[in-house]
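The values are calculated or read from the model by the stated rules, or taken from the named source; none is laboratory data. What you are looking at is a predicted structure, and each value in this text was computed from that prediction instead of being measured. Backbone-built Cβ (ideal geometry, glycine too); neighbour counts: all protein chains shown.
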Amino acid sequence: MKNKIYGTGRRKTSVARVTLTEGSGKFVFNGKEFEQYFPSPSMKMTVNKPFKVVSLENKFDINVNVSGSGLSSQADAVSLGISRALIKLNPELRPKLKKAGLLTRDSRKVERKKYGLKKARRAEQFTKR
């Protein structure tokens with residue numbers, strides 16, 4: 001199998017376009033290595049979680065184009081993209097990934113600022129005198 005499998009993941013304003021190809025487990029994020037792009041161990045765990053759940057570690061090479069938001073939400077977006085690509089590869093993996101909560105798109109976004117307020121909900125401090 002030398003064909004590519006694609007998956008898209010989103011969280012907040014980050015979008016991750018994931019490409020899976022059969023290989024040795026090499027990760028490339030926007031042209032950078034895994035350790036360079038995601039230095040935190042918790043983010044590495046988040047990205048690797050779909051493979052651990054279905055026990056397919058080091059079976060695929062992954063090329064990810066990710067943009068927007070911060071590193072933490074980018075890691076969540078990559079995880080969702082990998083999960084969706086794995087389901088395209090083998091639909092029988094869906095129950096395991098679903099049970100682990102890896103197929104749910106976290107739809108929370110930043111609330112917009114309202115007029116008359118300092119932030120979305122933070123009002124000016126009241127002074128009595």
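If the condition is being surrounded by 12 or more Cβ atoms within 10 Å (Cβ to Cβ) and either touching a strand residue (DSSP E or B) at 6+ places or on another chain (Cβ under 9 Å) or of a type outside the set (A, V, I, L, M, F, W, C) (or both), then the range 33-52 contributes F34, Y37, F38, K44, T46, V47, N48, K49, P50, F51. So, in the range 105-118, of the ones that are surrounded by 11 or more Cβ atoms within 10 Å (Cβ to Cβ) and free of Cβ contacts under 8 Å to residues at least 24 places away in the same chain, which residue ends up farthest from S69 (Cα to Cα)? Within the range 105-118, the match that is farthest from S69 (Cα to Cα) is L117. On the basis of being of a type outside the set (A, V, I, L, M, F, W, C) and modelled with pLDDT under 90, does G23 make the cut? Judged against the criteria, G23 is a match. Identify all residues within the range 1-12 that are at pLDDT 90 or above and touching a strand residue (DSSP E or B) at 6+ places or on another chain (Cβ under 9 Å); write none if there are none. K4, I5, Y6, G7, T8, G9, R10 - these are the residues of the range 1-12 that are at pLDDT 90 or above and touching a strand residue (DSSP E or B) at 6+ places or on another chain (Cβ under 9 Å).
Among the conditions (1) over 24 Å from D106 (Cα atoms); (2) modelled with pLDDT of 95 or more, K32 misses just one, which is (2). Of L20, L56, L71, which residue is farther than 28 Å from E111 by Cβ, surrounded by fewer than 19 Cβ atoms within 10 Å (Cβ to Cβ) and among the aliphatic types (A, V, I, L, M)? L56 is the lone residue from the list that is farther than 28 Å from E111 by Cβ, surrounded by fewer than 19 Cβ atoms within 10 Å (Cβ to Cβ) and among the aliphatic types (A, V, I, L, M). Scanning the range 74-97 for residues being loosely packed, with under 14 Cβ neighbours inside 10 Å and without any contact (Cβ under 8 Å) to a residue 60 or more places away in the chain gives a total of 4. Among the residues making up the range 1-35, those that are of a type in the set (V, I, T) and within 16 Å of the chain's Cα centre (by Cα) are T8, T13, V15, V18, T19, V28.
Residues that are closer than 16 Å to G81 by Cα and part of a loop (DSSP other than H, G, I, E, B) within the range 12-24 comprise K12, T13, listed in sequence order.
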